[in-house]
1. Pop out the ³J(HN,Hα) list for the stretch 33-44 in order, Karplus 6.51 cos²θ - 1.76 cosθ + 1.60 with θ = phi - 60°, rounded to Hz; leave Gly and Pro as x.
2. Would you tally the net charge around G15, using a Cβ to Cβ cut-off of less than 12 Å, leaving G15 out, and scoring K and R as +1, D and E as -1?
3. Rounded, prolate or oblate: which fits the chain when a ≥ b ≥ c are the square roots of the eigenvalues of the alpha-carbon gyration tensor, with rounded for a/c under 1.5 and prolate only if a/b beats b/c?
4. For the chain, what does -39500 (n - 2.57) per DSSP helix run (n ≥ 4), summed and divided by total residues, give at 222 nm, in deg cm²/dmol to the nearest 500?
5. Taking trypsin sites (Lys or Arg not before Pro) as candidate sites, keep only those in a DSSP loop with at most 15 other Cβ atoms within 10 Å, then name the longest stretch of the chain containing none of them.
6. Tell me the angle of helix 2-17 to the major Cα principal axis of the chain, expressed in degrees between 0 and 90 and rounded to the nearest ten.
Amino acid sequence: MLANMCSKAVNQSIGRAIRHANDYATIILLDQRYSRPSQIQLLPNWILKRFKTCDNFGEVIGAVGKFFAAKKSL
């Protein structure tokens, strides 16, 4: 039950980052629980489509940089 309550709070926070179709944001979940399939499955489907797990912080920074570079070029 506690995991579901925590997931609900995380999902609400994620939803607040994106307000409309032309919005974009990166959401970094710095918790090793999000490397577990059981925890990942508690995320909303629209996030699951874009969810990526990274092994180190350098990989995170690289992915975020690529994301924003792609958005900037649009």
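FYI, it's all coordinate maths here, none of it is from the lab. None of these values were measured; they are calculated from a predicted model. Cβ placement follows ideal geometry from the backbone for every residue including glycine, while neighbour counts extend to all protein chains displayed.
1. 4, 7, 9, 8, x, 5, 7, 4, 5, 7, 7, x
2. On the way: positive: K8, R16, R19; negative: D23.
It works out to a net charge of +2.
3. Details: a/c = 2.44, a/b = 1.36, b/c = 1.80.
Verdict is oblate for the chain.
4. Working: 4 runs with 40 residues, N = 74.
Calculated mean residue ellipticity at 222 nm is -16000 deg cm²/dmol.
5. Numbers: sites that count: R19, K49, R50, K52.
In short, 20-48.
6. So the inclination is approximately 20 degrees.
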